[in-house]
Amino acid sequence: MTEILTPGEARLQAMAAPEGEIAAATHTLVVGPYLARAASSGSRSDASRATDARLDEAVGLAAAIELDVVEAISIALPRIRPATYLGKGRVEELAGVIKAREIGLVVMDCALSPVQQRNLEKEWGAKVIDRTGLILEIFGRRASTREGRLQVEHAHLAYQKSRLVRSWTHLERQRGGFGFLGGPGETQIEADRRMIQERMTRIERDLDSVTRTRGLHRESRARVPYPIVALVGYTNAGKSTLFNTLTNATVKAEDMLFATLDPTARATKLPHGETVILSDTVGFISDLPTSLIAAFRATLEDVIEADILLHVRDISHGDTEAQAEDVGGVLRELGIESHADRIIEVWNKADLLDADERTRLLNLSGTGRSDRDSDAPVLVSALTGEGLAALTGRIEARIARRRSTFAVTLPPEDGGALHWLYENAEVLDRREEEGGTIHLAIRVAPEKEPRFLNRFDGAKRLSRAG
């Protein structure tokens, strides 16, 4: 069946190839201007993250939109200059590099003020974008759902509105990305701002409609109350690969930052028959723009409302601890404490560890222990399947904390009651006497417990929900 595209979606597809061609032809310099640690004690990200890893991540972000990165330079800053962020000598030094290597775009891995951005562009004769602008560009390219596109566009317009807009002369034109790499030149500032505000108002109305629709879907899903298990973690931690392995799905999973942007949910069965909704979400990143956290709050509803959160970490990454802190910070902004009882930490990419490190982490984790209800992390490889049995067992055990268990005895002829239990409860144990009497140990979800007790008034409670 041929997919029918709206005019806006058709324009979006038509412009995707030219956007990639522009990026591939744009010689890009990535600059990491990082404050010296002694001067950055107030910044968790600066203080805990290795400089090389931060610069590598910035290069990875540029590669995510196919920019031609010809050089990456790390600069240790004693302090931030109000006019140009960098000192005068550094600005002149980089101007020589930009001219010699014919650089068309400079990515500054920091947050620039509009004045700093404008001054650097004048000094260097090249386009300049900061970390926020780069992330917004990636999100603009990757958002595929209508809601995702609206949310990213709104965040981008708010960002551009403060920057004496250069590239949004024709706001009605939709594109995959937001024109940092090409587009028209200087425009009338007030006209642009008025057009932006009008567009933002229209987007807000559209988002209200989308949010109402999502609310109806959420209410519909609540009538089939399966537990929600949401995957969260730093971008490129392997969430989508783990999602695909657990659900036999084919969600895009690439070795690339922000390969997944729009959320995906699938129903899957755990080993003991429990059905859960597994939800894959956008990856987090250090210094994620506040506007994007707010914009994607609705998209992250599955995270906020999930019964279980799988915090997936790339345990092979040299900056895994700092990445975990960044994820915890975003979760706190969403109202979820990082030590919450519903979080299971998943140490992924065990296949990339050497033998000694793998053994050490295996001993620290709860993967090889018989206690399924441990709070220790689980060491897995989503790629090879190592540790996934322990992970699914841990999910079952964590769900079980919120459920009561009962002993039920059924006569052999009551097949209807037996069928009801298998459909509406988790059967933990089943024994049959010689005469056919069936003895069951079952676990019941809180929302189904009243119906269960009404039907099986002779059931004996073995444990209460924690």
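Here are the numbers:
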item	result
Neighbours by Cβ (under 8 Å, 6+ apart or cross-chain): first from region 387-405, on the phi > 0 side of the Ramachandran plot; second not in a helix (DSSP H, G or I)	Gly387/Thr367; Gly387/Val378; Gly387/Leu379; Gly387/Val380; Gly387/Ser381
Every pair of residues 6+ apart whose Cβ atoms lie under 8 Å, when the first sits in region 230-241 and is touching a residue at least 24 places away in the same chain (Cβ under 8 Å) while the second is in a loop (DSSP other than H, G, I, E, B) and of a type in the set (S, T, N, Q)	Ala230/Thr281; Leu231/Thr281; Val232/Thr281; Lys239/Thr260; Lys239/Thr281; Ser240/Thr260
Conditions (1) touching a Leu at 6+ places or on another chain (Cβ under 8 Å); (2) modelled with pLDDT under 80; (3) over 30 Å from Ala143 (Cβ atoms): number failed by Leu35	(2)
Positions within region 99-125 being in contact (Cβ under 8 Å) with a residue 24 or more places away in the chain, aliphatic (A, V, I, L, M) and either surrounded by fewer than 20 Cβ atoms within 10 Å (Cβ to Cβ) or over 19 Å from Ser74 (Cβ atoms) (or both), in sequence order	Ala111, Val115
Scan of region 389-422 for residues that are assigned to a helix (DSSP H, G or I), modelled with pLDDT under 90 and touching a helix residue (DSSP H, G or I) at 6+ places or on another chain (Cβ under 9 Å), ordered by number	none
Hits in region 82-91 (condition: surrounded by fewer than 19 Cβ atoms within 10 Å (Cβ to Cβ) and touching a residue at least 12 places away in the same chain (Cβ under 8 Å))	Pro82, Ala83, Arg90, Val91
Residues that are modelled with pLDDT under 90, not polar (S, T, N, Q) and not in a loop (DSSP other than H, G, I, E, B), drawn from region 362-388	Leu362, Leu364
Flag if Ala417 is small (Gly, Ala, Ser) and without any contact (Cβ under 8 Å) to a residue 40 or more places away in the chain	yes
Selected residue (criterion: surrounded by the most Cβ atoms within 10 Å (Cβ to Cβ)) from residues of region 54-68 that are of a type in the set (A, V, I, L, M) and in a helix (DSSP H, G or I)	Ala62
Search result, residues across region 199-230 that are within 24 Å of the chain's Cα centre (by Cα), of a type in the set (A, V, I, L, M, F, W, C), in a helix (DSSP H, G or I) and at pLDDT 65 or above	Ile203, Leu207, Val210, Leu216
Within region 113-142, tally of residues that are over 12 Å from Val31 (Cβ atoms) and outside any helix (DSSP H, G or I)	3
Qualifying positions in region 69-87 - under 15 Å from Leu29 (Cβ atoms) and in a strand (DSSP E or B)	Val69, Val70, Glu71, Ala72, Ile73, Ser74, Ile75, Tyr85
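The values are calculated or read from the model by the stated rules, or taken from the named source; none is laboratory data. All values reported here derive from a predicted model rather than from experimental measurement. As a convention, Cβ positions derive from the backbone with ideal geometry for all residues, glycine included, and neighbour counts pool all protein chains shown.
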